[in-house]
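Nothing in this text is a laboratory measurement; each read-out follows from the coordinates by a stated rule. Since we're looking at a predicted model, the values are computed, not measured. Neighbour counts are summed over all protein chains in view; Cβ atoms, including those assigned to glycine, are modelled from backbone coordinates with ideal geometry.
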Amino acid sequence: MANRSHEPLGQALRHGLEPLVYWANNPATVLGAALTTASAFTMIYSWLLWPHAGPYAGIALWLVLPAFFVGGLILIPAGMWRKRVMAYRGGLVPTKYPPLDLNLPLYRRPLAIVVVLTCVNIAIFTTSTYRGVTYMDSVQFCGLTCHKVMAPEYAAYQNSPHSRVACASCHIGPGASWFVRSKLSGTKQVFAATLNTYPRPIPTPVENLRPARETCEECHWPAKFTANRLLVRDHFADDEKNTATRTVLLLHVGGEDVLSGKAMGIHGVHMAQGTVIEYLPADRQRQNIPLVVLRRKGGEPETFQQEDARLTPEQQRAPRRTMDCMDCHNRPTHAFELPEEAVDRMLAAGRISPALPFAKKKGVELLKAVYGSQQEAGEKIPAAFRDYYRTTYPQAAAERAQDIDNGAQALVAIYNRNVFPQMNVAWGTYPRNIGHMNWPGCFRCHDGSHKSAKGSIINNDCGACHNLLAMDEAAPKILQDLGLTGQPQASSR
Ligand code: HEC
Ligand code: HEC
Ligand code: HEC
Ligand code: HEC
Ligand code: HEC
């Protein structure tokens, strides 16, 4: 046996494999080896040639194949072990082994083969785990795999300032512990989606969302924005001419000045370092806030209570929420619009022509009607819009056929981005907390009735948050002074 160390390679390999092949020769091990090898080759092939598979192929490639791969790896030794146990029972295995001597090729070779194969397997396994994890964090997986469930959020997201920010950047954020938590709750969600037991619409606020300061501040932090912001909103009236007006605000957005550290404006006052605002929501949606506690660095806590609010002892003891970015920016990316503002936006952009009589009024009316599905809305809205002009304004219908077609398409686009009958997401399902026009928003606390024991009131002056430079004016002088009278300034939402 000793002179075998000089034998030709093929023969050496054969001798090395002998004991392995002997124990491996059982159905479980053979099945395991076949599974592992087949899935390994398929995975490597797909990594090289198909890196951007679609959502369902992605599940197969990055979640199911690795499971087969690992399952096969477990079957291989399990089968060998079982065969050995049987052999042992049948008295076919020596009760006493010869001493283990790595100088003997008989031991060395199988060991080398096992070591090499293990390294290859570890490499494949880590690559596939990494791929699987990256895949599960991808926008595609989050937004498209459970297509129906996430359709409203995905549609709004694609049209938002964050459409290049991955879902996971806000929903999971950096660090291992939130990753694990999100995967645990994610597993539950996958079951809910598969068994069709998920709630429609998905209820908000999202419970246990990671504190926004840990996610949003990866990209935005209060020292980064300090200035005022000029907000120009175009509005169109319900009249035949769709009379256009503009509202101009100078919003005191504020922040924390980088050099001086001075806290300014809306961000500074709520988010400055050392300031903590806690509040007690009286409803699930946090739209009703009877009690607010303000702590400033080095100061005594100050409690503001809504005048007519009577808190039950249970409410008094309920956990309070610490205000963060989310309490104002609850729709930073899933920003659903209301029909009036959406039609205003399309009119301002010219996608619905303001020259079409009553386009605003009719458009809003058609959008607000109830349809059973997006498909139904996609057929009925354009038909009704065309009918309206054909019967009421035959001349406009003849001269402006193209405008009417474009307008009808724009209305369908608005509907498809904001209303999802299959998820029970209708107009206004999700409140937006910025501002105060359509939802209580800032006025949940700034309604002038939140008083502290000392008698101070959470500020309600129009000038505290913005200078109202023009309100629904045809040609605001301020914009002429600033030389901003050209194109409508569509602001993002
Ligand atoms: C800029 C940050 C951000 C990004 C990017 C983002 N989300 Fe969200 N998402 C939020 C916040 C904040 C909420 C919580 C809203 C609430 O609680 O009222 C939320 C809520 C949700 C909800 C609950 C329903 C709802 O409309 O509030 C779903 C579902 C959701 N997101 C899915 C996604 C998907 C899918 C993606 C990627 C396509 C994504 N999100 C990307 C910030 C983000
Ligand atoms: C991975 C980076 C990233 C994360 C995380 C992120 N954002 Fe953003 N955010 C952006 C980018 C990029 C823009 C677009 C900047 C622009 O248009 O000037 C943006 C724009 C915004 C805007 C301005 C929109 C407008 O009207 O101009 C707001 C408000 C905002 N983000 C809030 C948030 C909030 C709240 C969170 C946390 C829930 C968050 N962002 C998380 C990158 C991020
Ligand atoms: C008290 C409410 C409130 C809180 C809390 C708040 N914001 Fe804002 N934020 C606003 C308002 C109001 C605006 C201006 C919105 C607009 O343009 O319509 C704004 C604007 C922004 C913008 C756009 C800035 C610009 O100059 O265009 C970003 C980015 C932003 N906020 C991020 C954050 C982040 C990150 C946090 C958490 C650290 C946060 N905000 C907390 C109210 C708030
Ligand atoms: C959860 C309650 C709460 C909400 C919601 C809230 N604020 Fe405040 N805000 C406060 C408190 C508390 C103070 C500090 C009052 C004080 O110092 O006496 C404050 C102060 C301010 C101030 C400074 C006022 C002054 O006296 O100079 C501004 C500006 C402001 N908030 C803007 C906003 C805007 C804009 C929103 C909505 C986007 C908003 N707030 C939403 C609780 C809230
Ligand atoms: C606590 C802060 C705060 C106070 C107080 C406040 N506003 Fe506002 N207001 C805002 C914010 C924030 C927005 C911008 C909302 C947005 O981005 O859609 C806004 C927007 C507006 C708009 C523009 C709406 C649009 O889309 O055209 C008008 C008009 C307005 N406010 C009027 C007033 C008047 C009048 C008062 C006094 C009674 C007042 N506001 C008090 C925070 C405030």
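Mind checking the full-extension length gain between T118 and H171? Use 0.36 nm per residue of separation minus the Cα-Cα distance, one decimal, nm. Working shown, then result.
Values: separation 53, 0.36 × 53 = 19.08 nm, distance 3.62 nm.
So the chain would gain 15.5 nm between T118 and H171.
Note on N208 and E302: their simple-model spin labels are 3.7 nm apart, each label 7 Å out from Cα toward Cβ. Tell me which chymotrypsin sites (Phe, Trp or Tyr not before Pro) from region 60-144 have a DSSP coil assignment and no more than 10 other beta carbons within 10 Å of their own. Of the chymotrypsin sites (Phe, Trp or Tyr not before Pro), not one in the loops of region 60-144 has a Cβ with at most 10 other Cβ atoms within 10 Å. The three principal axes of the Cα atoms in region 139-209 give end-to-end lengths of 32, 29, 22 Å, sorted in falling order.
Of all lysines in the structure, those lying under 26 Å Cα to Cα from K297, and not within fewer than 8 positions of it along the same chain, are K224, K262, K451, K454.
What FRET efficiency comes out for Y107 versus A38 if R0 is 41 angstrom and r is the Cβ-Cβ distance? Round to the nearest 0.05.
Once rounded, the FRET efficiency stands at 0.85.
Relative contact order, percent, of the chain when contacts are C-alpha pairs under 8 Å separated by at least 6 residues?
15 percent
Other residues lying with their Cβ under 11 Å from the Cβ of A212 contribute a combined charge of -3, Lys and Arg counting +1, Asp and Glu -1. Mean silhouette area of the chain, derived from the convex hull of its C-alpha atoms and averaged over all directions, reads 38.6 nm². Taking a straight Cα-Cα cut-off under 13 Å and skipping sequence neighbours fewer than 8 places away in the same chain, the aspartates and glutamates within cross-link reach of K362 are D238, D239, E240, E340, D344, D387.
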